[in-house]
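Read-outs: derived from the displayed coordinates by stated rules, not from any lab. Not measured: the values here are computed from a predicted model. Don't worry about glycine lacking a Cβ; one is built from the backbone with ideal geometry, like all the others, and counts go over all protein chains shown.
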């Protein structure tokens, strides 16, 4: 069964009963409970529901995406994995040999390193996820120091900002908590990672934002940057994105 059809069934049941159970959905749809849990995670990021123990209930679509609401990194890694991989692969192709780049922390950017680590480039990152994927890299890798945030698997704070200010980049590749086309804005869920992202943009000739479609329409606690300020916004292709009017949108099939 297509993912979109499962979403339709889940949301229909929520609208009728106010709650759904993982076990019941698994039996009814004849798919694994782990798949149902991933669907609920994705729908929660889209602000369509709120997960509870064993299932989900209806939640406000207007809830602001704050640090306390944000999912753990290992949960976010399970959401839209193929879409994120395709977006990251497209981003990697924007980098030329010999360039210097910054790669932000986050599940949307981590896949860039899989091929990029074997190329003649210089990479600066604050992401532990990037470091853990290295395997005898050819690229020169610099991992920033700073205060470690276990929830985000990255370093932030004064030392990280001092570190990033030692470099200038041909391009930076950034993630975010959500984007809103109507407000022309990208968001983060808290301030500490926001400071790193802004400094990376300031020090870069080109800035790229990587998102998947679940981030569309999600408002975060902190304003990051207007969407038109990015040289490119890479996102997996959906029908809803074709009419937003942004010239810097890069749709990834």
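Kindly identify region 188-241 as rounded, prolate or oblate by the Cα gyration tensor criterion: order the square roots of the eigenvalues as a ≥ b ≥ c, call it rounded if a/c is under 1.5, otherwise compare a/b with b/c, prolate if a/b is larger, else oblate. The partial results should precede the final answer.
Values: a/c = 2.54, a/b = 1.31, b/c = 1.94.
Since a/c reaches 1.5 but b/c is at least a/b, the shape of region 188-241 is classed as oblate.
When only Cα pairs below 8 angstrom with a gap of at least 6 residues are kept, region 124-253 shows a relative contact order of 20 percent. Over the chain, calculate the relative contact order: mean separation of alpha carbon pairs under 8 Å at least 6 apart, over the residue count, as a percent. It comes to 17 percent, rounded to a whole number.
Once the piece of chain linking residue 16 and residue 120 is laid out straight, how much longer is it, given 0.36 nm per residue of separation minus the C-alpha distance between them? If you can, show how the numbers build up before the last one.
Details: separation 104, 0.36 × 104 = 37.44 nm, distance 5.58 nm.
Difference between extended and current length: 31.9 nm.
Extending 7 Å from the Cα toward the beta-carbon at both residue 8 and residue 28 defines two label points whose distance is 1.5 nm. With both labels modelled 7 Å from their Cα along Cα-to-Cβ, the residue 93 to residue 181 distance reads 2.3 nm. Angle, helix 3-17 long axis vs. longest principal axis of the chain, Cα atoms, 0 to 90°, nearest 10? Relative to the chain, helix 3-17 is tipped by roughly 50 degrees. Compute a Gaussian network model of the chain, connecting alpha carbons closer than 10 Å, and tell me which residue from 180, 12, 114 fluctuates the most. Highest fluctuation of the listed residues: 12.
Model label points for residue 136 and residue 246, set 7 angstrom from Cα along the Cα-to-Cβ axis, are 4.0 nm apart. Relative to the dominant Cα principal axis of the chain, helix 81-92 is inclined by about 20°.
By the equivalent-ellipsoid construction on the alpha carbon gyration tensor, the chain comes out with semi-axes of 32, 18, 18 Å, ordered largest to smallest. With only the Cα atoms considered, region 121-202 has a convex hull volume of 110 Å³ per residue.
Gaussian network model of the chain, Cα springs within a sub-10 Å range: biggest mean-square fluctuation belongs to which of 144, 25, 210? Its mean-square fluctuation being the largest, the pick is 25. In the chain, the calculated helix contribution to ellipticity at 222 nm averages -9000 deg cm²/dmol per residue, counting -39,500 (n - 2.57) for every DSSP H run with n ≥ 4.
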